[in-house]
Amino acid sequence: MASSSKRSKVSKGSSRNENFLSKDNETAYGRYSASKITPSRILIQSDIDFQILPLFSSTQLSFILTLSHSYHKEMFLQFLSNLRVTPECTRLSSFVMQQKVIIDKEDLGTFLHLRTEGDRLHSLIQEADISWSMVNDTLRGNKDKVHQPRVYTLLQNARIIQHVLRSSIIPKAGDRVNITPLLSLVTHLIMTNKPFDEAQLILDYIHSLSDIRHPQTKRKKNIALGHLVCYILEKKYNLIYPEPPTEEPIFFTNASFRSLVHDPTVEGEESEGDKEAPSEPAPVPNQNAFNDIIQRFDTMETNFGQRFDQIDLHMKTQEDRHNLDMAWIRGQTDYINQNVAMINSYFTAFNPQPPPDQDPEA
C-alpha cells in the first residue's frame, strides 16, 4: 500500500503538459511567452502611392511581403518551444497541437514561393573577405572599407529597401538609427540584382530565436515571422487553432515612406494665373538638416523602445518580488496552522485537566 502510494506520487510529480515533448520544452514555453511579438508589416501596393514592390523585382520576396495572414500566438509559441533544427538548418521539426510537424526549405519554396538556391547570407556575413567598399558604394555612394551602421547616410532606394526588410522579413525592433551588417548585405544584393538563398534567410532567423530558451540569455529577443510559420502549418497540415486569432496583420501606409521618398506631386505646383509671372527659383532644401531631423526622430524612437523595455523589466521584477513575498506569507500561515492543528490534536487526544486552582467546578 505504501509503495503503491509512493509510485502514484512520483508519477504525478513527473507528469507534463501534453502540448510539449519534454519538461525542458515546457519550461522554454514560459520564456517564449514572456517575449514580445513583433508583427511583420504587410505591403499592399494598391494602397501605397509610392512604387515599392518594383525595388524587389530581382527577388522572390513579393509573396511574403504581401501575405496577410492572421494566426493565434499559441500555435507559434508551441512551435518555438518544441523546435528542433538539423545541423545544416534546412529542416525545422516541432510539435504543435499534439501533432509532430516538419518545415523544410522545400516547403518555403512551395508555400511561400521563395528562392531556395544561392548564397547563405548568415554564413557569408561571418566571412572576413566581404568587400564593404563595394557595399558602401551601392548603399551610400562612398567606398569606405568598413561597415557603416548609420541609416540616415543611405541613398533613397537603399533606405526604402532596408526599411521594408527590417519591418517585414528581418524584423529588428527598437533601434532604427543603425543598420546591421546582415541588413546592409541583403540590401546591397537586392540593389545589384544578385540572387541569394531567401528560404535559408528565413530558416536561419527562426533558428536564431532558439537562444531565448537558454537561461543564459538575459535579455529576450522579440519573436517574429509567426504568420509565415502558421501559414505553412495550415496549408501543409491543415492545422488551425480552435480559438479566434490573436495576431492580426498590420500594413504599411503612405506615412511609412513619405519621409523616405520624395513626393513628385508637391514639386512644381502652381496656379494658372501664376504661369505667366516669372517665378523665383525654389530654395534648395538643406539635406543635412533633413537627415539630422530623421536621425533625431530615430534616436527618440529608440529611446522610447528602451524605456518601455526598462518598464517591462521593472514590472516583471516587481511581480517576481510580490510572488516571493506571497509565498513567504503562505509558508508562515501554513506553519501557524500546523502548530494550531498540533495543539488542537493534543487537547483532543489527551484531554488534560486544568489545575485545581483554575477549575471552575472546584
Query - Within the stretch 12-58, considering residues that are in contact with a Leu (Cβ under 8 Å, 6 or more places away or on another chain) and in a helix (DSSP H, G or I), the one modelled with the lowest pLDDT - result: Gln45
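Here is a yes/no grid of residues against (1) within 18 Å of Phe56 (Cβ to Cβ); (2) in contact with a Lys or Arg (Cβ under 6 Å, 6 or more places away or on another chain); (3) open to solvent by 10 Å² or more (accessible area, probe 1.4 Å):
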site	(1), (2), (3)
Ile169	yes, no, no
Ile179	yes, no, no
Leu182	yes, no, yes
Ile190	yes, no, no
Ala199	yes, yes, no
Leu203	no, no, no
Ser208	no, no, yes
Ile212	no, yes, no
Requested in this report: Might you let me know whether the stretch 123-131 holds any residue that is in contact with a Ser or Thr (Cβ under 8 Å, 6 or more places away or on another chain) and of a type outside the set (Val, Ile, Thr)?
Outcome: no
Query raised in the report: Which of (1) in contact (Cβ under 8 Å) with a residue 12 or more places away in the chain; (2) in a helix (DSSP H, G or I); (3) open to solvent by 70 Å² or more (accessible area, probe 1.4 Å) is the odd one out, the single condition His122 does not satisfy?
Result: (3)
**Report entry** Residue tally, condition surrounded by 15 or more Cβ atoms within 10 Å (Cβ to Cβ) and in contact with a helix residue (DSSP H, G or I) (Cβ under 7 Å, 6 or more places away or on another chain), over the stretch 131-156
**Finding:** 8
Report summary line: How many residues of the stretch 72-103 are of a type in the set (D, E, K, R) and crowded, with 17+ Cβ neighbours inside 10 Å? The answer is 2
Report task. Working carefully through the options Phe76, Phe95, find the one that is in contact with a helix residue (DSSP H, G or I) (Cβ under 6 Å, 6 or more places away or on another chain) and either within 30 Å of Leu239 (Cβ to Cβ) or touching a residue at least 40 places away in the same chain (Cβ under 8 Å) (or both). Result -> Phe76
Report task. Out of Asp137, Asp129, report the one residue that is part of a helix (DSSP H, G or I) and free of Cβ contacts under 8 Å to residues at least 12 places away in the same chain. Result -> Asp137
Query raised in the report: surrounded by fewer than 18 Cβ atoms within 10 Å (Cβ to Cβ) and of a type in the set (A, V, I, L, M) - does that describe any residue in the stretch 157-166?
Result: no
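The values are calculated or read from the model by the stated rules, or taken from the named source; none is laboratory data. Since the model is a prediction, treat every value here as computed from it, not as a measurement. When we count neighbours, we look across all protein chains shown, and the Cβ atoms used for this are built from the backbone with ideal geometry, even at glycine. Surface accessibility is based on the protein's heavy atoms, side chains included, excluding ligands, DNA and RNA. Shrake-Rupley method; radii C 1.70, N 1.55, O 1.52, S 1.80 Å.
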